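The values are calculated or read from the model by the stated rules, or taken from the named source; none is laboratory data. Keep in mind the model is a prediction, meaning the values are calculated, not measured. Every residue, glycine among them, receives a Cβ derived from its backbone with ideal geometry; neighbour counts consider all protein chains shown. In case anyone asks, the SASA skips ligands and DNA or RNA and just uses the protein heavy atoms, side chains included. Shrake-Rupley method; radii C 1.70, N 1.55, O 1.52, S 1.80 Å.
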Amino acid sequence: MTERNKTLNKWNASFRKGTDFDSWGQLVEAIDEYQILARQLQKEAQSPANSSEFTEDHKKIVGKIATCLELRSAALQSTQSPEGFKLEDLKKLEPVLGNLLTYNKEFPFDVQPVTLRRIFAPGDEENLEVEEEEEDGGAGVGSPDSFPARVPGTLLPRLPSEPGMALLTIRIEKIGLKDAGQCIDPYITVSVKDINGIDLTPVQDTPMASRKEDTYVHFNVEIEIQKHIEKITKGAAIFFEFKHYKPKKRFTSTKCFAFMELDEIKPGQIVIELYKKPTDFKRKKLQLLTKKPLYLHLHQTLHKD
């Protein structure tokens, strides 16, 4: 048996194991299996041509399957995500992966491969956090080598419109920080959490910032909120976590966060305050990052039929 066939057999066994866990209601096990397989597929999808036994067409399909695995994993982590990627959708990909070498049909879903990155289980990333003193104090928790930096860029398309329902696009324009120029590979993670900190939609990462200038990190990127506004649970909030790479500790750290509550959703510009980490999704013990007038600058657009 060739190495390529061994790899395919391993992927297919992992895929079936994940969907079996999913079918049986063993969601934690399913999420773990999906995330492990997604990382393997992402790695293969982005491997150099001279180090892969798969063609570029094969790798595109593999990358799209990885995206679907992530979407299903995100749906399982959200207790209230009816629009999420369903198990029956994922199962449609079993014959695609099983017949990868001869598959010549259109991919069943309109998705794109995502950039390779470390996929954290809920809470893992916060466990890496350290109290920072001017970005240099403290020691990392665990082994930094085990947690490489995330390479961001997991934006999702706008949901289909529904009569009488509104969808929200948020353009993240810039964030003000006293040490903006020192932030390495900065990006923002966007999530919608209920009052207990539970995900209501899939989590999205922006691409890395477009530029840094004076006390601002500029993004100018649009996020499509993955739930109609009328369906978001009362008391929920949209969170924005600013993250950057720390070369000394060799992992990506959350520097600060901001959030926007539902009564702040309205068309036009908005600036929101920045808070110290760790991210407090329940909004119980909030501490402003600084007394200086530095904020996250956003622009909101509502789409309604």
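Find which of Gly268, Thr233, Pro247 sits farthest along the positive direction of the dipole of the range 228-280, computed with +1 on the beta-carbon of Lys and Arg, -1 on that of Asp and Glu, about the Cα centre.
Toward the positive end, the furthest listed residue is Pro247.
Roughly how big is the range 219-280's charge dipole about its Cα centre, with Cβ charges of +1 (Lys, Arg) and -1 (Asp, Glu), in debye to the nearest 20?
Details: 12 positive and 9 negative charges, 137 e Å.
The dipole magnitude comes to about 660 debye.
Trypsin sites (Lys or Arg not before Pro), restricted to the range 149-200: which are DSSP loop and have at most 15 other Cβ atoms within 10 Å?
Working: sites: Arg150, Arg158, Arg171, Lys174, Lys178, Lys193; in loops: Arg150, Arg158, Lys178.
When the trypsin sites (Lys or Arg not before Pro) of the range 149-200 are filtered for loop state and at most 15 Cβ neighbours within 10 Å, Arg158, Lys178 remain.
Which trypsin sites (Lys or Arg not before Pro) does the range 43-73 hold that lie in a coil by DSSP with at most 10 other beta carbons within 10 Å?
Working: sites: Lys43, Lys59, Lys60, Lys64, Arg72; in loops: none.
The qualifying sites: there are none.
In debye, nearest 20, what is the charge dipole magnitude of the range 152-305 about its Cα centre with +1 on Lys and Arg Cβ and -1 on Asp and Glu Cβ, if you could check? Write out the running numbers ahead of the final one.
Numbers: 26 positive and 19 negative charges, 175 e Å.
I would put it at about 840 debye.
What figure in square angstrom, to the nearest 10, would you give for the accessible area of Thr233 with a 1.4 Å probe?
About 40 Å², ignoring ligands and nucleic acids.
Using the alpha-carbon centroid of each, what span in Å lies between the range 247-305 and the range 37-58?
Measuring centre to centre over Cα atoms gives 36 Å.
Among Leu90, Thr67, Tyr103, flag the residue with its Cα farthest along the positive direction of the charge dipole of the range 13-103, charges on Cβ as +1 for Lys/Arg and -1 for Asp/Glu.
Value computed over the given set: Tyr103.
When only C-alpha pairs under 8 Å and at least 6 residues apart count, what is the relative contact order of the range 1-96, in percent? Walk me through the numbers on the way to the answer.
Details: 83 pairs, mean separation 25.6, N = 96.
Value for the range 1-96: 27 percent.
Please sort 86-92, 263-269 by packing, taking for each peptide the average over its residues of neighbouring beta carbons within 10 angstrom, highest first.
Numbers: 86-92: 14.4, 263-269: 10.6.
Highest-to-lowest ranking by the protection proxy: 86-92, 263-269.
Give me the net charge for the shell around Lys282: Cβ to Cβ below 10 angstrom, other residues only, Lys and Arg +1, Asp and Glu -1.
On the way: positive: Lys193, Arg283, Lys284, Lys285; negative: Asp194, Asp280.
Around Lys282, the charge tally is +2.
Ignoring ligands and nucleic acids, what accessible area does Met165 show with a 1.4 Å probe (Å², nearest 10)?
Per-residue accessible area (Met165): approximately 50 Å².
Please go through the range 207-251 and write out the trypsin sites (Lys or Arg not before Pro) that DSSP classes as loop and that have at most 11 other C-beta atoms within 10 Å.
Numbers: sites: Arg211, Lys212, Lys227, Lys231, Lys234, Lys243, Lys248, Lys249, Arg250; in loops: Lys227, Lys234, Lys248, Lys249, Arg250.
Hits after loop and neighbour filter: Lys234, Lys248.
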